[in-house]
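In what follows, a structure is listed as structure tokens, so that the remarks can point back to it.
The values are calculated or read from the model by the stated rules, or taken from the named source; none is laboratory data. Quantities reported herein were computed from a predicted structural model and do not represent experimental measurements. Positions of Cβ are generated from backbone atoms using ideal geometry, with glycine treated the same way; all protein chains shown enter the neighbour counts. These area figures cover heavy atoms from the full protein model, side chains too; ligands, DNA and RNA do not enter into them. Shrake-Rupley method; radii C 1.70, N 1.55, O 1.52, S 1.80 Å.
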Amino acid sequence: GDDWAQDHHDVHLMDDTGARLASKRLPEGVAGIAALYELIAAHTSTAEEVVIGIETDRGLWVNALVGAGYQVYAINPLAASRYRDRHHVSGAKSDAADAKLLADLVRTDRHNHRPIAGDSADADAIKVLARGHQNLIWTRTRHSNALRSGLREYFPAAIAAFATLHDRDALAVLARAATPAEARHLSVPSIVSALKKAGRQRNLDKRAREIQAVLRSEHLAAPAPLTAALAATTRAQVAMLLE
């Protein structure tokens, strides 16, 4: 079992009966992984029979474990927490105890968990990009929700004008007009220019007139100081979404 932190790893070695063989805290990096290899080598010379549980499926340390030929299982932290609750009444948590817990878990229940495959460098790169893409989409959604929440406080017409606030049309127009007063002064040619600059190529005049009509519709107004403050947050959210 390998309970990892940013700068160290607590490891616990046991045999197939659950008897403790060794436990140790190792530093992150080359020295630490070399020490782990030595610790394991003191008890077996067959890498394939070594089974390791760790609460992550990526990183240089995990790559080194897989590269050594060990069977490495990525244990979901939530699953580890439930296993802890099942086997320890107090629910107390410590790095050394968690290392033993992970070792026990993969000794008895590894059929319920996913082994980490030794993927190619290209496959690992694709996983990094996919994970990064997913996280950026989640971040965009949070900013969009924050933008919608702010607009609801002082500029509901903007919400009515655009179905999706992180859409290029919405961001282009809000970048030019973050307040109801600024929006009322937007001409159709000005809106067309913003839409064109954002990448729209079709139905420019029609869409610009639709946006102008909605933005100029009557709605309840917030006090000027509050509008100015909320508009400042809108500009910031729009800038982040555009980026």
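Before moving on, here are some points about what is shown:
- Each Cα pair under 8 Å and six or more residues apart adds its sequence gap; the mean of these over the residue count of segment 116-243 is a relative contact order of 34 percent.
- Solvent exposure of residue 240, expressed as accessible area, is near 90 Å², computed with a probe of 1.4 Å over the protein chains only.
- Residues of the chain: accessible area per residue with a 1.4 Å probe, Å²: 58 Å²
- Relative contact order [Cα under 8 Å, 6+ residues apart], segment 77-172, whole percent: 14 percent
- The chain: relative contact order as a whole-number percent, Cα under 8 Å and 6+ apart: 16 percent
- The simple Förster model, with R0 at 51 Å and r as the Cβ-Cβ distance, assigns residue 193 and residue 60 a FRET efficiency of 0.55.
- Note on residue 201 and residue 163: the extension gain reaches 11.8 nm, defined as 0.36 nm multiplied by sequence separation minus the Cα-Cα distance.
- Table column - 3J(HN,Hα) (Hz), segment 78-83, Karplus curve with 6.51, -1.76, 1.60, x for Gly and Pro: 5, 5, 5, 5, 5, 5
- Sequence-ordered 3J(HN,Hα) estimates for segment 141-157 from the Karplus curve with 6.51, -1.76 and 1.60 and θ = phi - 60° stand at 4, 5, 5, 5, 5, 5, 5, 4, 4, x, 4, 4, 6, 8, 9, x, 4 Hz, glycine and proline given as x.
- Nonlocal amide H pairs with residue 14, under 5 Å, H built at 1.01 Å: 21
- Difference of contour (0.36 nm per residue) and Cα-Cα distance, residue 142 to residue 8: 44.9 nm
- Rounded to the nearest 20, the size of the Cβ-charge dipole of the chain about its Cα centre is 1780 debye, with Lys and Arg at +1 and Asp and Glu at -1.
- If only the Cβ of Lys and Arg carry +1 and only the Cβ of Asp and Glu carry -1, the dipole of segment 1-85 around its Cα centre is close to 120 debye.
- Solvent-accessible surface of protein heavy atoms, probed at 1.4 angstrom with all chains present, puts 202, 140 in the order 202, 140, largest first.
- For segment 54-152, a crude dipole built from +1 on the beta carbon of Lys and Arg and -1 on the beta carbon of Asp and Glu, taken about the Cα centre, is about 580 debye to the nearest 20.
- The lysines within cross-link reach of residue 24, meaning a Cα-to-Cα straight distance under 16 Å and a gap of 8 or more places when in the same chain, are 100.
- Interchain or long-range residues, amide H under 5 Å from residue 75's placed H: 54, 55, 56
- Taking 7 Å steps out from each Cα toward its Cβ at residue 85 and residue 129 produces label points 3.9 nm apart.
- Coupling constants for segment 190-205 follow from the phi torsions by the Karplus curve (6.51 cos²θ - 1.76 cosθ + 1.60, θ = phi - 60°), and in residue order they are 5, 5, 4, 4, 5, 5, 5, 5, 7, x, 5, 10, 10, 6, 4, 5 Hz; glycine and proline get x.
- Between the amide H of residue 8 and those of 28, distances stay under 5 Å, these residues lying 5 or more places away or on another chain, with hydrogens modeled in the peptide plane.
- Using a probe radius of 1.4 angstrom, the carbon and sulfur fraction of the accessible surface of segment 1-119 is 51%.
- Farthest toward the positive end of the dipole of the chain, out of 105, 158, 139, is the Cα of 158, where the dipole comes from beta carbon charges about the Cα centre.
- Of all aspartates and glutamates in the structure, those lying under 20 Å Cα to Cα from residue 127, and not within fewer than 8 positions of it along the same chain, are 55, 57, 119.
- Calculated FRET efficiency, residue 23 to residue 114, Cβ-Cβ distance, R0 = 30 Å: about 0.75 to the nearest 0.05.
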